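Q: Starting off with a structure, shown below.
The values are calculated or read from the model by the stated rules, or taken from the named source; none is laboratory data. What you see is a predicted model, and the numbers here were worked out from it, not measured in a lab. A quick note on method: Cβ atoms are made from the backbone with ideal geometry, for glycine too, and the neighbour counts reach across all protein chains shown. Protein only, heavy atoms only, side chains kept; ligands, DNA and RNA dropped before computing areas. Shrake-Rupley method; radii C 1.70, N 1.55, O 1.52, S 1.80 Å.
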Amino acid sequence: MKKIYYNGNIITMENEESRAEAIYVVDGVIKVIGSEEEVMKNKASDVELVDLENKTMMPSFYDGHSHFGKTCEYSLLPTLSLPPVGSVTKIDDMIEILSKTINDYSYDEPQIASGYDIAGLEEYRHPTKFDLDLVSTTIPIIVVHASGHMGVLNSCALEKFNITSESKDPVGGEISRIDGSNEPSGLLKETAFMPILFASAKAPKGEIVKEMGKKGIEMYVSNGITTVQDGFTCDGDYEFLLDVQEKVGLDIDVKMYPPVSIHMSPSKLTDGTYGLKPYDTNEMLKFSGYKLFLDGSPQGRTAWVTEPYLNPNETEGVGFKGIPTFSDDTVVFEACKKAIEEDVQLLVHCNGDAAADQFINAYEHALKVCNKTPEESNVRPVVVHAQLVRADQLDRMKKLNIHPSFFSVHAFYWGDEHIKNFGLERAQVMSNMKYANKIGLSYTDHQDTPVVPPNVIFSVWAAVNRTTRSGVKLGNTVTPFQALQAYTTGAAYQYFEEDIKGTLEVGKYADFVILSDDVLNVEYDNIKDIEVIETIRRGKTLYKK
């Protein structure tokens, strides 16, 4: 397969000014890039000419962090999200949607819905078991918070999982209670919720997998993404992804990160059952490293921070600093040591700065114990979310070759919540991509899909403008080029693929996205209006508007 792309604005991402007029591709690899005159020397009868019609071409996008398998599965779940993604503005809306759809979705028991959040709800509260009991008292129902770190169960589901007034809060979690009593309200947080979600969300089987896989893949490629992450791959998730690959095919690259086995139940992905080794699986479905959780969600008030949350409720109390997953630092150290010894990448969920302190200290100690310098280690650890990471921590991360994957679009979706929870000064430095640029620290950005849709262009707009839903300007903005680096060059480095992806250069893969306009040369507020026209992987079109 030979193609020449010409007559367009081609951004190579090698630097901010680097442009080309045309590209010659052979069998999915860039062979020549430069002026149209130079590239057209390869014109022949067996070469397809592709007129870009003055549109913008650049490297296709990476997904810095998400949950690809769950995105596929959730694509058919009842969705309870807020505007501008969904339509829910009050709890009555949730009840109406659930009442209409919950009985139609029956591949699994109990019934699950996704994406609710108190931000934007008129009641400004979590739903309770009493709200969900209005939908059904005989079908177990679970609604998953937009963060994925908590959820609400109706009375039937609480009974199914034996959550009662006698139940104790697990380490790293919380069972919310009805005011003035020990009776569960239905809301479960962190380690109180996660095991129930994993036990309930069994991998679907049969023809429904094909529909889910198609919808999930389309969601990413229609946003210009050709490399995706499955950021917490449990055994059932892997089996589901294999099923998707068999029934639909995977024309995108999927990077899998199973939980590190020393703090979770042993995984077939990591104990040799499947015969998988890091970086040594088929091209499109790769075991790429381990995943470790250290805290929760800032908008859900479970992220672990060094300075207390503002406006604590009665349950939290004055001085509340969130919920650490592990009070024992040894667990984190052992995870770091395992990754270093095995030369396996480690992704670490740290929203709060206290969680980041715990990880940075543990990794630094593990390097010393393993007698390795940061440069000698092949781990390239990633602090996932890094929303409340401080400047001094980013300095330490650079010295230790640790890289943040920011969540810039949080500034729009939950920036107002950050202000309420932490105050304006702390909210202004959330996802501090600007400081990472200043010190030369490589970084990525992401949407944590299915938390929010994988809309890279909207996330670039969010990083460049840093405007909340209510219109507050948070400042600490970056340039469009710096924002795009998070989805191209920085992401290629995060995934150890800087030699084959991330920029448009001879010898690299022909992974392209074609856009309706030039991200680098439009008014900043108009970036969000740019459309993905076409997504190309290895020279093959995966999506065309």
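Q: Enumerate the pairs (first residue in the stretch 373-390 and closer than 23 Å to K255 by Cβ; second residue anywhere and basic (K, R)) with beta-carbon separation below 9 Å, excluding pairs fewer than 6 apart on the same chain, so at least 6 apart or on different chains.
A: Cβ pairs passing all conditions: P374/K399; V384/K291.
Q: Inside the stretch 517-545, can you point out the residues that are farther than 12 Å from T227 by Cα, part of a loop (DSSP other than H, G, I, E, B) and open to solvent by less than 50 Å² (accessible area, probe 1.4 Å)?
A: D518, V522, I530, G539
Q: Checking V460 against (1) within 23 Å of D51 (Cα to Cα); (2) touching a residue at least 24 places away in the same chain (Cβ under 8 Å): exactly one of these is not met. Which one?
A: Of the numbered conditions (1) within 23 Å of D51 (Cα to Cα); (2) touching a residue at least 24 places away in the same chain (Cβ under 8 Å), the odd one out for V460 is (1).
Q: Test of understanding: among A362, A339, A354, which residue is surrounded by 24 or more Cβ atoms within 10 Å (Cβ to Cβ) and small (G, A, S)?
A: On inspection, the qualifying residue turns out to be A339.
Q: Next question. Assess whether S442 counts as being touching a strand residue (DSSP E or B) at 6+ places or on another chain (Cβ under 7 Å), in contact (Cβ under 8 Å) with a residue 40 or more places away in the chain, open to solvent by less than 10 Å² (accessible area, probe 1.4 Å) and more than 20 Å from D117 (Cα to Cα). Spell out how you get there, then give the answer.
A: On the way: touching a strand residue (DSSP E or B) at 6+ places or on another chain (Cβ under 7 Å): yes; in contact (Cβ under 8 Å) with a residue 40 or more places away in the chain: yes; open to solvent by less than 10 Å² (accessible area, probe 1.4 Å): no; more than 20 Å from D117 (Cα to Cα): yes.
Taking the combined requirement at face value, the residue does not satisfy it.
Q: Sticking with this one: If E425 meets every condition in (1) in a helix (DSSP H, G or I); (2) open to solvent by 10 Å² or more (accessible area, probe 1.4 Å); (3) under 18 Å from T488 (Cβ atoms) apart from one, which number is that one?
A: With (1) in a helix (DSSP H, G or I); (2) open to solvent by 10 Å² or more (accessible area, probe 1.4 Å); (3) under 18 Å from T488 (Cβ atoms) applied to E425, the lone miss is (3).
Q: How many residues does the stretch 425-439 contain that are of a type in the set (A, V, I, L, M, F, W, C) and either within 17 Å of A303 (Cα to Cα) or in contact (Cβ under 8 Å) with a residue 60 or more places away in the chain (or both)?
A: Result for the stretch 425-439: 3.
Q: Only one of these is closer than 27 Å to Q245 by Cβ and either assigned to a loop (DSSP other than H, G, I, E, B) or hydroxyl-bearing (S, T, Y) (or both): L77, L82. Name it.
A: Values: L82 fails: closer than 27 Å to Q245 by Cβ.
Going through L77, L82 in turn, just one is closer than 27 Å to Q245 by Cβ and either assigned to a loop (DSSP other than H, G, I, E, B) or hydroxyl-bearing (S, T, Y) (or both): L77.
Q: Oh, and also: Just to check your reading of the model, which residue among V451, V464, V472 is open to solvent by 10 Å² or more (accessible area, probe 1.4 Å) and either modelled with pLDDT of 95 or more or more than 21 Å from I225 (Cα to Cα) (or both)?
A: Numbers: V451 fails: either modelled with pLDDT of 95 or more or more than 21 Å from I225 (Cα to Cα) (or both); V464 fails: open to solvent by 10 Å² or more (accessible area, probe 1.4 Å).
Of the residues listed, the single one that is open to solvent by 10 Å² or more (accessible area, probe 1.4 Å) and either modelled with pLDDT of 95 or more or more than 21 Å from I225 (Cα to Cα) (or both) is V472.
Q: Given the criteria modelled with pLDDT of 95 or more and closer than 20 Å to S66 by Cα, does K215 qualify?
A: Working: modelled with pLDDT of 95 or more: yes; closer than 20 Å to S66 by Cα: yes.
Criteria met by K215.
Q: I've got another one for you. Taking the conditions exactly as written (under 22 Å from the mean Cα position of the chain (by Cα) and surrounded by fewer than 18 Cβ atoms within 10 Å (Cβ to Cβ)), does K399 satisfy them or not? Talk me through it step by step, then tell me what you get.
A: Numbers: under 22 Å from the mean Cα position of the chain (by Cα): no; surrounded by fewer than 18 Cβ atoms within 10 Å (Cβ to Cβ): yes.
The answer is no for K399.
Q: When you scan the stretch 107-129, how many residues do you find that are open to solvent by 60 Å² or more (accessible area, probe 1.4 Å), in contact (Cβ under 8 Å) with a residue 24 or more places away in the chain and either in contact with an Asp or Glu (Cβ under 6 Å, 6 or more places away or on another chain) or aromatic (F, W, Y) (or both)?
A: Summing the residues that are open to solvent by 60 Å² or more (accessible area, probe 1.4 Å), in contact (Cβ under 8 Å) with a residue 24 or more places away in the chain and either in contact with an Asp or Glu (Cβ under 6 Å, 6 or more places away or on another chain) or aromatic (F, W, Y) (or both) in the stretch 107-129 gives 1.
Q: Let me ask you something else. Given (1) assigned to a loop (DSSP other than H, G, I, E, B); (2) closer than 26 Å to Q387 by Cα; (3) open to solvent by 30 Å² or more (accessible area, probe 1.4 Å); (4) touching a Lys or Arg at 6+ places or on another chain (Cβ under 7 Å), identify the lone condition not met by V478.
A: Failing condition for V478: (3).
Q: Residue by residue through the stretch 130-145, note down the ones that are farther than 15 Å from E190 by Cβ, of a type outside the set (V, I, T) and under 29 Å from the mean Cα position of the chain (by Cα).
A: L132, P140
Q: Being part of a strand (DSSP E or B) and surrounded by 15 or more Cβ atoms within 10 Å (Cβ to Cβ) is the filter here; which residues of the stretch 35-56 pass it?
A: Step one: filter the stretch 35-56 for residues part of a strand (DSSP E or B), giving 48-51, 56.
V50, T56, listed by residue number.
Q: Taking the stretch 197-251 on its own, how many of its residues are of a type in the set (A, V, I, L, M), out of contact with any helix residue (DSSP H, G or I) (no Cβ under 9 Å at 6 or more places or on another chain) and under 21 Å from G148 (Cα atoms)? Give the steps one after another, and end with the answer.
A: Here is the first cut: in the stretch 197-251, the residues of a type in the set (A, V, I, L, M) are 197, 199, 201, 203, 208-209, 212, 217, 219, 221, 225, 228, 241-242, 244, 248, 250.
After this cut, where a residue has to be out of contact with any helix residue (DSSP H, G or I) (no Cβ under 9 Å at 6 or more places or on another chain) as well, the list is 197, 199, 208, 221, 242.
Now restrict to residues that are under 21 Å from G148 (Cα atoms): 197, 199.
Qualifying residue count for the region: 2.
Q: Here is a follow-up. Out of everything in the stretch 13-34 that is out of contact with any strand residue (DSSP E or B) (no Cβ under 6 Å at 6 or more places or on another chain), in a loop (DSSP other than H, G, I, E, B) and within 25 Å of L520 (Cα to Cα), what residue ends up being least open to solvent (accessible area, probe 1.4 Å)?
A: Taking the candidates together, the pick is S18.
Q: Given (1) out of contact with any Gly (no Cβ under 6 Å at 6 or more places or on another chain); (2) at negative phi; (3) crowded, with 17+ Cβ neighbours inside 10 Å; (4) modelled with pLDDT under 95, where does E96 come up short, assuming only one miss?
A: Failed condition: (3).
Q: I've got another one for you. Restricting to the stretch 498-513, what's the tally of residues that are open to solvent by 10 Å² or more (accessible area, probe 1.4 Å) and closer than 23 Å to S408 by Cα?
A: Going through the stretch 498-513 one residue at a time, the tally reaches 3.
Q: Taking G216, is it over 30 Å from G539 (Cβ atoms) and open to solvent by less than 10 Å² (accessible area, probe 1.4 Å)?
A: Working: over 30 Å from G539 (Cβ atoms): no; open to solvent by less than 10 Å² (accessible area, probe 1.4 Å): yes.
So G216 does not fit the description; no.
Q: With the structure loaded, tell me whether I4 is over 29 Å from the mean Cα position of the chain (by Cα), surrounded by 19 or more Cβ atoms within 10 Å (Cβ to Cβ) and among the β-branched types (V, I, T) or whether it fails that test.
A: Details: over 29 Å from the mean Cα position of the chain (by Cα): yes; surrounded by 19 or more Cβ atoms within 10 Å (Cβ to Cβ): yes; among the β-branched types (V, I, T): yes.
In short, yes.
Q: Hey, another quick one. I'd like the residue in the stretch 290-336 that is basic (K, R) and in contact with a helix residue (DSSP H, G or I) (Cβ under 7 Å, 6 or more places away or on another chain) and, out of all such residues, is surrounded by the most Cβ atoms within 10 Å (Cβ to Cβ). Give the derivation first.
A: Of the stretch 290-336, the ones basic (K, R) are 291, 301, 321.
Restricting the remaining residues to those that are in contact with a helix residue (DSSP H, G or I) (Cβ under 7 Å, 6 or more places away or on another chain) gives 301, 321.
Working: R301: 21, K321: 17.
By that ranking, first place goes to R301.
Q: If a residue must be touching a Pro at 6+ places or on another chain (Cβ under 6 Å) and within 22 Å of F422 (Cα to Cα), how many such residues does the stretch 339-392 contain?
A: Number of matching residues: 4.
Q: Conditions: (1) of a type in the set (S, T, Y); (2) touching an Asp or Glu at 6+ places or on another chain (Cβ under 6 Å); (3) open to solvent by less than 10 Å² (accessible area, probe 1.4 Å). T488 meets all but one. Number of the miss?
A: So T488 meets the others, but not (2).
Q: Looking at this structure, is L82 within 30 Å of the chain's Cα centre (by Cα), of a type in the set (A, V, I, L, M) and open to solvent by 10 Å² or more (accessible area, probe 1.4 Å)?
A: Working: within 30 Å of the chain's Cα centre (by Cα): yes; of a type in the set (A, V, I, L, M): yes; open to solvent by 10 Å² or more (accessible area, probe 1.4 Å): yes.
Here the answer is yes, as L82 does meet what is asked.
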